[in-house]
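See below for the structure under consideration.
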Amino acid sequence: MRTVEEYLHYLDGKGFQFQEDAIGFIYFGKHYTNASDELINTAIELTLKAQKSFDGSFYVSLLETFMTNQVITRKDALKFIQETELLAI
């Protein structure tokens, strides 16, 4: 499993360049929700897939939804998204 920092470097290598404000949102969401790196990375991935770019408020809202619904792992997150039809990805 990658840390958030490692995941951001990985995405940068794939061509996803994050501005400072986006990185700020990512770490704000991490501290605000106290979510694991696995869940943070999943929320980043789903945000990029759903929005086609990074949307900080969407990302934080998604994290809040995961935490409210006791979604802990990537597997749980993907199952939750599918079951609730929260995102069309």
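The protection proxy used here, the mean number of other Cβ atoms lying within 10 Å of each residue, ranks peptides 40-51, 25-36, 3-14 as follows, highest first: 40-51, 25-36, 3-14. Counted by Cβ distance under 13 Å from GLU83, the other residues give a net charge of 0, where Lys and Arg count +1 and Asp and Glu count -1. Charge tally around TYR7: other residues with Cβ under 13 Å, Lys/Arg +1 each, Asp/Glu -1 each, net -2. Taking the three principal axes of the alpha carbon atoms in segment 1-42, the coordinate ranges are 27, 25, 12 Å, sorted in descending order. With Cα atoms defining each centre, segment 31-89 and segment 1-20 are spaced 16 Å apart in the structure. The alpha carbon convex hull volume per residue for the chain rounds to 86 Å³.
Less than 14 Å apart at the alpha-carbon level, and either on another chain or at least 8 residues along: which aspartates and glutamates does that give for LYS75? Leaving aside aspartates and glutamates fewer than 8 places away in the same chain, those within reach of LYS75 are ASP37, GLU38, GLU45, GLU83. Seen from a random direction on average, the alpha-carbon convex hull of segment 47-89 projects onto 2.8 square nanometres.
A short reminder: the numbers here are calculations on the coordinates, not readings from a lab. Not measured: the values here are computed from a predicted model. Cβ coordinates were reconstructed from backbone atoms using ideal geometry, including for glycine residues, and neighbour counts include every protein chain displayed.
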